[in-house]
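Everything on this sheet refers to the single structure shown next.
What follows draws every value from the coordinates through simple rules; no lab data is involved. Given the structure is predicted, the values throughout are model-derived calculations rather than measurements. Cβ atoms come from the backbone with ideal geometry, glycine included; neighbour counts cover every protein chain shown.
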Amino acid sequence: MRQAADILRFQTNGRGLLEITSEVADWLSRQRVSTGLLTLFCRHTSASLVIQENAASAVRTDLENFFAEIAPEDPTRYVHNDEGPDDMPAHLRTALTGVSVAVPINGGELLLGTWQGIYLFEHRRRPHRREVALHVIGE
């Protein structure tokens with residue numbers, strides 16, 4: 001049984017979905033694990049990880065618009081606003097989407113579906129440097 005762990009760093013451009021599938025797959029290929037499980041963990045409370053459609057960009061636009069509606073920037077709704085009006089909505093969006101995903105590995109490849117990609121979902125308006133921890137276990 002082999003294990004490996006690391007942290008990948010990403011620069012976001014502000015609110016939105018940033019596909020990180022290729023960076024994750026590149027890291028995985030260097031680990032020489034044929035069969036196993038890869039766990040990814042976002043080390044932030046105002047950004048999250050999702051596995052989502054990677055073919056039609058309209059899906060990402062619709063997701064971003066949906067989250068803007070269910071967790072709006074409305075300073076009259078929240079007590080917490082330490083870092084500005086987008087602070088608490090970012091925490092809510094993270095709570096709804098989650099900070100970790102697990103992806104099976106077979107033949108040294110991520111077993112994502114045909115139209116699936118791994119995304120770092122930035123919930124803050126301004127750009128941030130984000131860290132995603134990776135852990136793979138397998139043979």
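Worth pointing out:
- Counted residues, region 67-90 - those being touching a residue at least 24 places away in the same chain (Cβ under 8 Å) and crowded, with 16+ Cβ neighbours inside 10 Å: 6
- In this entry, residue 64 is excluded by the filter for residues that are free of Cβ contacts under 8 Å to residues at least 60 places away in the same chain, more than 12 Å from residue 122 (Cβ to Cβ) and charged (D, E, K, R).
- Restricting attention to region 1-46 and to residues that are without any contact (Cβ under 8 Å) to a residue 60 or more places away in the chain and of a type in the set (S, T, N, Q), the residue that is surrounded by the most Cβ atoms within 10 Å (Cβ to Cβ) turns out to be 45.
- Criterion (touching a helix residue (DSSP H, G or I) at 6+ places or on another chain (Cβ under 7 Å) and β-branched (Val, Ile, Thr)) met by exactly one of 76, 45, 35: 45
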